[in-house]
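In what follows, a structure is listed as structure tokens, so that the remarks can point back to it.
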Amino acid sequence: MSKQSSIISTNELDIGFPPKGRKSATVVASDINVALQGGQVVCLLGPNGSGKSTLIRTLAGLHYPLDGEVLLNGKQLNKFGVKTIAQKVSTVLTDRITIGNISVYELVAFGRSPYTGWFGSLNKKDEEIVEWAIASAGIEQFVDRDVLHLSDGERQKVMIARALAQDTSAVLLDEPTAHLDLPNRVEIIRLLRKLAHHTKKGILLSTHELDLALKAADTLWLISRDGKVITGTPEDLVLDGTFEAVFEKDSFDFDRSTGSFTLHNPDKEPIYLTGDAVPVFWTRRALEREGYEVVEKNGTSLKVEAHSKQETFLWKIISEKEEHSYSSIKDLLGALRKN
Amino acid sequence: MANERTDITPRHKTGIRPLYFGLLIIGLIGLLLLNLALGSVDIPLSDIVQILIGGEATSEAWNKIIVNIRIPRAVTAVLAGSALSVGGLLMQTLFRNPLAGPSVLGITAGASLGVAIVMLAGGTITSIFAIQQLSAFGSWMIVIAASLGAAGVLLLILLISIKVRDNVTLLIIGLMIGNLTIALVSIWQYFSRPEQIQDYLIWTFGSLGGVPLDQLWILAVITLIGGGIAMALSKPLNGLLLGENYARSMGLSVFSSRIWIIVSTSLLAGGITAFCGPIGFVGIAVPHLTRSLMGTNDHRVLIPATLLMGAILLLACDIVAQVPGSTTTLPISAVTSMVGSPVVIWVIIQRKNLQASF
């Protein structure tokens with residue numbers, strides 16, 4: 001990856017907090033070499049406290065690096081003025097917006113600050129960009145509403161629209177999907193992917209939702225426990241075991257075959273599960289929750305078949321001696337518990 | 001989502017709300033006339049208008065009362081009300097705290113300390129008798145002392161604000177410096193003679209009548225400069241509503257804005273306190289009233305509206321303080337609190353959530 005073609009890149013960057021009094025500097029992550037390209041969605045993943053927010057703030061110029069450098073369009077970030085940086089990088093932070101008495105439109109229009117004059121008046125072009133940002137974020141229905149009366153999901157979209165109004169080539173978002181329900185999370189991610197691909201912006205978002213990141217990101221930046229940042233395509237990082245190594249804890253395991261974490265360690269006998277794809281998927285989850293080890297090879301003493309016929313489903317437990325049918329997973333589990 | 005796109009009409013855009021500004025200006029003119037008309041001597045409105053447009057009233061005494069007493073007093077009320085209110089607005093936005101006012105940085109306390117030093121340390125020189133003897137000199141001395149006191153605290157706060165980058169920390173430091181200054185004043189009072197304390201106490205009641213006609217221009221210049229700086233800060237103030245990080249990420253220079261906000265507030269609050277004594281409450285109450293009325297937090301609208309609203313409120317308080325129909329006057333800072341507190345309570349109950357609507 002060429003540093004020149006990327007919007008933001010870093011060179012042996014150390015992030016953390018400067019020394020304070022007798023306390024020496026706290027290094028959160030070190031020797032970071034990353035690059036954010038246009039048209040890409042990058043997810044920044046890491047355990048809690050690994051420095052996701054600090055990295056985002058450092059890249060946005062809101063936090064001083066401890067060592068190394070941040071490059072904006074190949075030039076050192078601290079060589080730019082605060083206004084020029086704001087014309088190239090916009091951010092959506094986790095800072096809560098507590099004010100009211102301001103409409104959604106007015107808030108989005110604040111995004112034009114790096115371009116407007118000393119009094120902040122919008123010209124025709126500014127207004128057009130604000131309207132484009134509002135339409136892109138899909139918040140036309142409540143442009144008039146007081147910011148105070150927005151739901152968490154709506155407020156997040158408004159803050160994204162404000163970042164879009166800033167018309168920057170990079171957008172950095174710190175936990176944009178935190179506190180949101182699943183439909184809202186999916187909607188925000190979809191919006192960001194659409195923006196990256198249509199506007200060629202480089203979009204970096206931090207999250208701790210692994211499955212969402214695996215699905216949404218073109219590139220992953222993983223901050224490991226020892227403060228290193230590993231980058232790569234999500235699937236490659238899963239297959240080579242890096243993903244597992246960063247997130248694995250004693251109590252739960254990453255399942256490479258499903259791309260999700262298993263909550264349960266099997267403590268019961270293996271079950272061979274076959275049948276149609278949809279019921280098999282859900283039956284597998286139920287069986288694993290019960291503590292069975294689900295295998296895909298015949299040769300176990302217990303075998304479960306799951307079939308779907310139009311809208312109804314049928315389960316069978318086949319053991320050496322007998323065969324029973326059940327019409328729901330509840331009944332199936334009940335029968336297994338009696339064994 | 002995109003296909004149900006609705007047209008964004010101009011009504012979404014930042015409005016300057018000419019209707020409300022018209023009402024405020026009419027209210028200001030009405031109260032100004034009422035303030036001039038009411039007092040211990042009854043003067044008909046027609047004579048007042050006559051004097052205002054440059055003519056002569058039917059009585060020479062009325063002429064003197066209006067020109068030498070009531071006009072300076074009313075103009076002082078307008079300037080003090082505007083200045084303190086805008087100072088309060090700046091502090092509330094800078095500290096993102098609805099309870100902040102011009103006094104939070106300890107500037108008013110600094111002015112009090114200056115006055116206390118002159119009045120209590122001087123002994124016989126500045127007894128009430130002496131001040132009456134050298135009226136011009138005495139009042140100037142108090143103004144200078146108060147200004148120096150306010151400026152001293154201001155410098156201290158500015159130095160600290162270079163070092164301390166967190167606004168909440170700065171707010172607490174400002175409050176502590178205020179407390180420290182007040183403590184110094186009370187120690188001084190403790191060791192002073194009762195008649196000296198009495199002079200100081202009278203000053204702390206605040207007065208709009210103490211600024212002579214030939215010194216009004218100083219007050220006007222201070223208010224104009226302070227208010228002008230505030231207007232010029234509209235854009236960074238709007239950015240600061242979202243917090244310092246967002247303000248910086250939108251290309252606003254938080255550091256220099258903060259210094260200018262402190263300079264403006266100090267000029268406004270320090271200048272008014274020097275001339276009129278500590279007038280409490282206006283600075284906290286008026287920004288809230290104005291936000292409720294205008295329904296916006298956009299400082300380009302809020303600052304001029306706050307100027308007008310502050311002038312209106314202090315003129316109204318002054319009318320109450322003069323107790324129309326009697327010869328007594330009440331201390332102005334007591335009246336502002338008595339009138340202001342119920343108004344603010346009413347607004348808070350109406351809006352349900354002051355912190356959030358701020």
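Before moving on, here are some points about what is shown:
- A:Lys79 vs. criteria loosely packed, with under 15 Cβ neighbours inside 10 Å and more than 7 Å from chain B (Cβ to nearest Cβ): yes
- Qualifying residue in segment B:268-275 (condition: buried (at least 18 other Cβ atoms within 10 Å of the Cβ), within 10 Å of chain A (Cβ to nearest Cβ) and closer than 22 Å to B:Pro98 by Cα): no
- Selection over segment B:309-328 of residues that are touching a residue at least 40 places away in the same chain (Cβ under 8 Å) and among the hydroxyl-bearing types (Ser, Thr, Tyr) gives a count of 2.
- The set of residues from segment A:294-317 being touching a Lys or Arg at 6+ places or on another chain (Cβ under 9 Å) and crowded, with 16+ Cβ neighbours inside 10 Å comprises A:Val294, A:Lys303, A:Val304, A:Glu305, A:Ala306, A:Lys316, A:Ile317.
- Count of segment B:40-76 residues which are in contact (Cβ under 8 Å) with a residue 60 or more places away in the chain and either of a type in the set (A, V, I, L, M) or farther than 28 Å from B:Ile222 by Cα (or both): 6
- Tabulated pairs, segment B:98-121, first within 17 Å of B:Phe205 (Cβ to Cβ), second outside any helix (DSSP H, G or I), C-beta under 6 angstrom, 6+ apart or interchain: B:Thr108/B:Pro278; B:Leu120/B:Ser192
- Residue in segment A:164-180 that is at pLDDT below 95, farther than 27 Å from A:Pro114 by Cβ, in contact with a helix residue (DSSP H, G or I) (Cβ under 7 Å, 6 or more places away or on another chain) and part of a loop (DSSP other than H, G, I, E, B) present: yes
- Any hit, segment B:319-327, residues being part of a helix (DSSP H, G or I), small (Gly, Ala, Ser) and within 15 Å of the chain's Cα centre (by Cα): no
- Residue match in segment B:195-213 (condition: surrounded by 14 or more Cβ atoms within 10 Å (Cβ to Cβ), on the phi > 0 side of the Ramachandran plot and more than 14 Å from every other protein chain (Cβ to nearest Cβ)): yes
- Pairs where the first residue, in segment A:94-116, is in the same structural domain as A:Leu172 (by TED's automatic domain parsing) and free of Cβ contacts under 8 Å to residues at least 40 places away in the same chain and the second is surrounded by fewer than 23 Cβ atoms within 10 Å (Cβ to Cβ) and part of a helix (DSSP H, G or I), C-beta under 6 Å, 6+ apart: A:Asp95/B:Asn245; A:Tyr105/B:His12
- Residue list for segment A:116-151, filter: more than 7 Å from chain B (Cβ to nearest Cβ) and small (Gly, Ala, Ser): A:Gly117, A:Ser121, A:Ala133, A:Ser136, A:Ala137, A:Ser151
- Residue that is modelled with the highest pLDDT [pool: residues in segment A:214-256 that are small (Gly, Ala, Ser) and in a loop (DSSP other than H, G, I, E, B)]: A:Ala217
- Condition check for A:Leu62: in contact with a strand residue (DSSP E or B) (Cβ under 8 Å, 6 or more places away or on another chain), away from every other protein chain (no Cβ under 14 Å) and either at pLDDT 90 or above or within 16 Å of A:Ile230 (Cα to Cα) (or both): no
- Screening B:Val282, B:Val339, B:Val344, B:Val301 for residues that are touching a residue at least 24 places away in the same chain (Cβ under 8 Å) and either within 14 Å of chain A (Cβ to nearest Cβ) or of a type in the set (Gly, Ala, Ser) (or both) leaves exactly one candidate, B:Val301.
- Selected residue (only one of A:Ala178, A:Ala170 is farther than 21 Å from A:Gly100 by Cα, touching a residue at least 24 places away in the same chain (Cβ under 8 Å) and more than 12 Å from every other protein chain (Cβ to nearest Cβ)): A:Ala178
- Residue in segment B:237-245 that is within 14 Å of chain A (Cβ to nearest Cβ), closer than 30 Å to B:Leu330 by Cα and not basic (Lys, Arg) present: no
- When segment A:17-59 is filtered for residues that are more than 14 Å from chain B (Cβ to nearest Cβ) and assigned to a helix (DSSP H, G or I), the ones remaining, listed by number, are A:Lys52, A:Leu55.
The values are calculated or read from the model by the stated rules, or taken from the named source; none is laboratory data. Just so it is clear, the structure is predicted and the values come from calculations on it, not from any experiment. Backbone-built Cβ (ideal geometry, glycine too); neighbour counts: all protein chains shown.
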